[in-house]
Structure formats: C-alpha cells, structure tokens
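**Student:** Sharing a structure here in structure tokens format.
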Amino acid sequence: MALARVVETSAAVAATRSRKQKTAELVALLGDSTRQEIPVVVAWLSGAARQGRLGVGWRSLVSLDVAVADSPSLTVLGVDELLSGLVRTTGAGSGALRTTILTELFAAATSPEQDFLRRLLTGELRQGALAGVMVDAIGAVAGESVDLVRRAHMLTGSLTETAALAVQGGSDALASVGLEVGRAVAPMLATPAESLGAAIDSLGPELIVDYKLDGARIQVHRNGDDVSVYTRTLRDVTAAVPDIVTVVRDLPCRTAIFDGETLTLDDDGRPRPFQDTMSRFGSSGDLGDDPRSVLKPFFFDCLHLDGVDLIDRPLRDRLAALTTVASGLRIPFVLGAGVDEAQRFFDAALSAGHEGVMVKSLDGHYAAGRRGKGWQKVKPVHTVDLVVLAAEWGSGRRTGYLSNLHLGARDADGGRPIMVGKTFKGLTDALLQWQTDEFPKHETHRDAHTVHLSPEIVVEIELDGVQRSSRYPGGVALRFARVVRYRPDKTSEQADTIDVIRTMLP
C-alpha cells in the first residue's frame, strides 16, 4: 500500500467530527491493507509509530535540507522498515547515520507526505482516530465482535497487537487474551461527580466510598519474588521505589496485580506535598535517612490473585480478594454509606489532608483505560486537568518568565485540544522558573509574545465554574481559573475532555 493512501485517510478522518464517518474511512483503509500492513497502519492512524518513541525531535526534522518529491513513491512497509532502522541506529556515529536515514525518507516524500511524517515522528499526529474508533474499525474489518476486540485491547494495551490478533487469529486469539502479570494494564479512571449526593443516588445503595488520596497512582505486579511497579502512564518505576517492592513482596501470595495510590507522609501521618511524592519516581531508589521519604502504598483494587484473573468480576469480588492478602494496605473506606455517613467520611478525608472521596458501585466492572461511570470522584472545589497549549511572556515583575498559560480541554473525537481559557494565577516563583526552563523543550513555534507548545503537558486547574463564551472555539470559558500543580503522572490523553467542561455550565 502507498503511504499516500494513508495520508489521504488521515486527512479525511481529521476533517469530520462524525464517529460513524471516521470509522468508515478507517474500515476502507484497513480493508485494503495486507495482514502485514494492518498493524503499521493502525499504529500510524492512532498517532504513533509502531516502534514506539524514535528519539526524533522537531528541530532535527525542520533542519533537514531536502526538496519535495514530485510524485508519491513511498510504501507503508518501506517507511516502516526505515523507522525500524532509526531505532536500531545507536552508538558512536549514530547521529550522522540517523540524519542520513531521515534525509532519504523525506527526500522521497511529497509535501503532504512530509507533513504527515513530521507529525508522526514528533507525536503531533492528531487526526481524530481515537482508540475507541480504531477498535470499531478493527472489529469491522476482521468480522469480529467489537466487545471482544475492546477487551483484547484493554488487556494488551496495544492497538497494533490487538489488530494483529483480530486479523490473523480471529475470535479464538482475541478470547485467549488474559491478564499477564508483569505487563501493565491501562488504569480505570473516574468520572467527576456533580456532588456527593448525586454520586450516591446514581450508584447506591450497593456502593463503597474510598478516600481520594493526594498521591500518585500505582499498579503493582507480583510474580513470586519479582515485583514491578508502574505509574498511571505505565512507566516502570520499580528501581526507584524499593520501599513499595519490599511491602508487596512480604504479602501472603505468589502472583497478584494491585491498583492503588502511594504517597509520602509526615510524622503525624498527614500527606506530604504531591511534588515530594512524585520526586521519588525520578530517584535512584536511595531513601536516605528521612523516614518521611518512604512511600506508603494504599490499594483499592485487585485485578489478579494467585493465578486467577479478577478483572472481569464485579468490584465486590475484587475487594474480597484484596482483603484476603492485603487488608492492612486497604485505602480507608466505608461500605454502603448513605448521604449523611458519606458526608462525615468526606469531611474526615479533607481533615486528614486528602483530596476528597471516590464513590464506587460494588457491582461495577473494571473499565481499563476509560472513565467508567461506576467510579465517581468528589472534591470540595472544581478542579480539572487541562493541556498547556502555549505560554505568554510575562511583564512587570514577571518580565523574562513564561507566565500566562493557554489552556485546552481534550477533544473526545481525537482532534487537537480545544482552548477554554488562560490563566497566570497560582504561579509561584518556582513554577515560573520551571515553566521558563521546561516549556522551550516542548516548543513547536513562537512569536514575539507567545511560545506555542506540543500539547503534552498536563496542569491541574482550580476554577469557580464555567460560563458560555464565543471567545473560545468550544463555546465555554473557565471562571477564575488558577494553577494548582502540574501533573507529570498524566498524559494529554488523560486530561479532561471538552464535554466534561461543558457539564459544569450552570
């Protein structure tokens, strides 16, 4: 298949907001692809190279001295092989060789193909082919149940692997996919609740209310004496958290997958600042002499225990399994609470220094990688996770610093984030310095007043509410927004959507 065909489909998918039309475009393309081409095409139209991160920056691409090809000649498998060559090129002299490979690739590309490749290699290819849309297309092309394809994707965490299973192995291959201890699964996410009472009304009476800790999400896998710890973004941080490894290794089980949070505590048991917890994930694992640097794990789910996969079972079964081996590590909770008892529990969580509570249905299943309605989070103030699109240079006391942030909500249809406001409130001197040092590393372009960024940095924003506005393309604007903190534990795909922002309209 010609690369030009993929580029045309990418443009067609980006041009429509109709999920049905997006799916139809993808089905047509995948239907014309060979079995070898399908995993490559699926990866590209999901916004990434099949090989993962290629170590190619925007500046190295724009500095290439190549003309534009007059006619298309590149093929899908040919380009894929060149990208594999980039990954294999390491060591002394690799820089020059990588430039040679990129020059060969771009010299053979037409103008639309060059644009597509630049965005693919730098992670900027956002044409609206979200995982859900691609799952639908894979199911249609393979003639398999979408639910079966979705489950396989949930457990493998890979659209390319799922596509290969569906096309080459069919329903038997898809159904055979199970949890694999040591392979991280995309975590289930929570939906913001309108209020504590509304959450209880929608999920009760068979529910559990957990503390919502001000910590970092972790997924812990144990296989015998081998323990692996992953972050919310599935990054392996095992070497940096020997304290968690030791605790889990001492539990009375052979194999397990736990979902939970971790944080560092002060001497009085109150949570230390979020950034102190996150700093541990970038450490060498040396705890030093300060007991407050020790990470304490708190678990609220169990997806696998001693050879039995629990991910397809209701929460009540998963919690029963968790209690048998890690009752002392359970996150604080209350079962079957009515509104009054839940409110007292909510107040206790805030008094203890935590963010709020999570209300969960005991009948609910684990929706890996998605915001399940069976989990709802309740906080005392409105906070949302948004993407930083740009930053303006400051004036007055902030002259020389990148200050005013342009904020975007995630487009649920897979397009670029949609701008919903600006803010410079809540920025400390330390954050101003950090922004000024960090943002140019993610720069796509700039003008005299503003540095525009690749949409990958997530910031938590507190606001008083949302109002209708014609100023921004989403038709809404934030009211009195201020920065709470940056979220290095989250990717832009885990930011809140424009639909979540719109639900906050009065």
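**Student:** Charges on Cβ only, +1 for Lys and Arg, -1 for Asp and Glu, centred on the Cα centroid of the chain; of Gln21, Pro252, Ala391, which one is farthest towards the dipole's positive end?
**Tutor:** Ala391
**Student:** Now for a different question. Please give the solvent-accessible surface of Glu180 in Å², to the nearest 10, using a probe radius of 1.4 Å with every protein chain present.
**Tutor:** About 90 Å², ignoring ligands and nucleic acids.
**Student:** At 222 nm, what helix-only mean residue ellipticity would the chain give, in deg cm²/dmol to the nearest 500, using -39500 (n - 2.57) for each DSSP H run of four or more?
**Tutor:** My calculation for the chain gives -10500 deg cm²/dmol from helical runs alone.
**Student:** Would you kindly calculate the mean projected area, averaged across all directions, of the convex hull enclosing the Cα atoms of region 52-134, in square nanometres? Can you show the working numbers first?
**Tutor:** Working: hull surface 23.7 nm².
Its Cα hull, projected and averaged over all orientations, spans 5.9 nm².
**Student:** Separate question: Above 38 angstrom, tally the Cα pairs of the chain and express them as a % of all pairs, no decimals.
**Tutor:** 31 percent
**Student:** Relative to the Cα centre, what is the charge dipole magnitude of region 1-134, using +1 at the beta carbon of each Lys and Arg, -1 at the beta carbon of each Asp and Glu, and rounding to the nearest 20 debye?
**Tutor:** Working: 14 positive and 12 negative charges, 126 e Å.
In debye, rounded to 20, region 1-134 gives about 600.
**Student:** To the nearest Å, what is the center-to-center distance of region 404-425 and region 23-38, using C-alpha atoms only?
**Tutor:** If we compute the Cα centre of each part, the gap is 32 Å.
**Student:** Hey, another quick one. Ignoring any ligand, DNA or RNA, what whole percent of the accessible area of the chain comes from carbon and sulfur when the probe is 1.4 angstrom?
**Tutor:** Working: 10990 of 21800 Å².
That fraction is 50 percent.
**Student:** If you don't mind, another one. Return the equivalent ellipsoid semi-axes of region 212-263 as a descending list in whole Å, where each equals the square root of 5 times an eigenvalue of the C-alpha gyration tensor.
**Tutor:** Numbers: eigenvalues 63, 26, 21 Å².
Over the Cα atoms of region 212-263, the ellipsoid semi-axes are 18, 11, 10 Å.
**Student:** Can you tell which of Gly421, Gly372, Ser158 lies farthest toward the positive end of the dipole of the chain, using +1 and -1 charges on the Cβ of basic and acidic side chains (Lys, Arg; Asp, Glu)?
**Tutor:** Gly421
**Student:** Could you tell me which of Gly465, Met188, Ala448 has its Cα farthest along the dipole of the chain towards the positive end, charges placed at Cβ (Lys, Arg +1; Asp, Glu -1), taken about the Cα centre?
**Tutor:** Ala448
**Student:** Quick check: net charge around Arg150, other residues with Cβ under 12 Å of its Cβ, Lys/Arg +1 and Asp/Glu -1?
**Tutor:** Values: positive: Arg151, Arg370; negative: Asp136, Glu144, Asp147.
Value of the local net charge: -1.
**Student:** Another one. Taking the simple approach of a point 7 Å from Cα along Cα-to-Cβ for both Gln51 and Arg370, what is their distance in nm?
**Tutor:** 3.4 nm
**Student:** Moving to a separate point now. Cα extents of region 212-308 along the three principal axes, largest first, in whole Å?
**Tutor:** 37, 27, 25
**Student:** Ok, one more. State the Cα centre-to-centre distance between region 168-184 and region 326-384 in whole Å.
**Tutor:** Centre-to-centre (Cα) distance: 31 Å.
**Student:** Any idea what the dipole of region 454-500 comes to, in debye rounded to 20, about its Cα centre with Lys/Arg Cβ at +1 and Asp/Glu Cβ at -1? Walk me through the numbers on the way to the answer.
**Tutor:** Working: 7 positive and 8 negative charges, 54 e Å.
Value, rounded to 20: 260 debye.
**Student:** Could you compute the FRET efficiency for Thr246 and Asp363, with r as their C-beta to C-beta distance and R0 at 35 Å, rounded to 0.05? Working shown, then result.
**Tutor:** Values: r = 35 Å, r/R0 = 0.99.
Step by step, r from the Cβ atoms, then E = 0.50.
**Student:** While we're on this one: Sequence gap at least 6, Cα distance under 8 Å: using those rules, report the relative contact order of region 191-336 to the nearest whole percent.
**Tutor:** 27 percent
**Student:** Quick one: grab the alpha carbon gyration tensor of region 304-407, order the square roots of its eigenvalues as a ≥ b ≥ c, and give me rounded if a/c is under 1.5, else prolate or oblate depending on whether a/b is larger than b/c. Write out the running numbers ahead of the final one.
**Tutor:** Details: a/c = 2.84, a/b = 1.93, b/c = 1.47.
Prolate shape, in that a/c is at least 1.5 and a/b is the bigger ratio.
**Student:** Sort 66-79, 313-326 by packing, meaning the average of other beta carbons within 10 Å per residue, with the highest value first.
**Tutor:** Details: 66-79: 14.3, 313-326: 18.2.
Answer by packing, highest mean first, reads 313-326, 66-79.
**Student:** Any chance you could tell me what percent of the C-alpha pair distances in region 172-255 go past 15 Å? List each step's numbers first, then the result.
**Tutor:** Values: 2430 of 3486 pairs.
Considering region 172-255, 70 percent of its Cα-Cα pairs are separated by more than 15 Å.
**Student:** Length gain on complete extension for the stretch Thr16 to Val66, per 0.36 nm per residue less the alpha carbon to alpha carbon distance?
**Tutor:** Values: separation 50, 0.36 × 50 = 18.00 nm, distance 3.20 nm.
Answer, rounded to one decimal: 14.8 nm.
**Student:** Kindly state, to the nearest 0.05, the FRET efficiency for Arg313 paired with Val146, given R0 = 25 Å and r defined as their beta-carbon distance.
**Tutor:** Values: r = 22 Å, r/R0 = 0.86.
Once the sixth-power term is evaluated, E becomes 0.70.
**Student:** Here's another thing I want to ask about it. Restricted to Cα positions, what overall size does region 1-141 have along the principal axes? Three whole-Å values, descending.
**Tutor:** 47, 30, 25 Å, listed from the longest principal axis down.
**Student:** Counting pairwise Cα distances across region 393-499, what percent come out greater than 22 angstrom? Could the numbers behind the result be given before it?
**Tutor:** Details: 1698 of 5671 pairs.
Roughly 30 percent, once rounded to a whole number.
**Student:** Leaving out ligands and nucleic acids, note down the accessible area per residue over region 286-423 with a 1.4 angstrom probe, in whole Å².
**Tutor:** Values: 5660 Å² over 138 residues.
About 41 Å² of surface per residue is accessible.
**Student:** Find how much the distance from Phe480 to Arg292 grows on full extension, using 0.36 nm per residue of separation minus their present alpha carbon separation; answer in nm with one decimal.
**Tutor:** Numbers: separation 188, 0.36 × 188 = 67.68 nm, distance 3.47 nm.
Here the segment from Phe480 to Arg292 would lengthen by 64.2 nm.
**Student:** Any idea what the relative contact order of the chain is, in percent, if you count C-alpha pairs under 8 Å spaced at least 6 apart? Please list the in-between numbers first.
**Tutor:** Numbers: 989 pairs, mean separation 63.0, N = 506.
That works out to 12 percent.
**Student:** Also: Would you work out if region 147-302 is rounded, prolate or oblate? Take a ≥ b ≥ c from the square roots of the eigenvalues of the alpha-carbon gyration tensor; rounded if a/c is under 1.5, else prolate when a/b is larger than b/c, oblate otherwise.
**Tutor:** Details: a/c = 2.23, a/b = 1.32, b/c = 1.69.
Note, shape of region 147-302 comes out oblate.
The values are calculated or read from the model by the stated rules, or taken from the named source; none is laboratory data. Please read all numbers here as calculations on a predicted model, not as lab measurements. Please note: Cβ atoms are built from the backbone with ideal geometry, for glycine as well, and neighbour counts cover all protein chains shown. Surface areas here come from the heavy atoms of the whole protein model, side chains and all, with no ligands, DNA or RNA. Shrake-Rupley method; radii C 1.70, N 1.55, O 1.52, S 1.80 Å.
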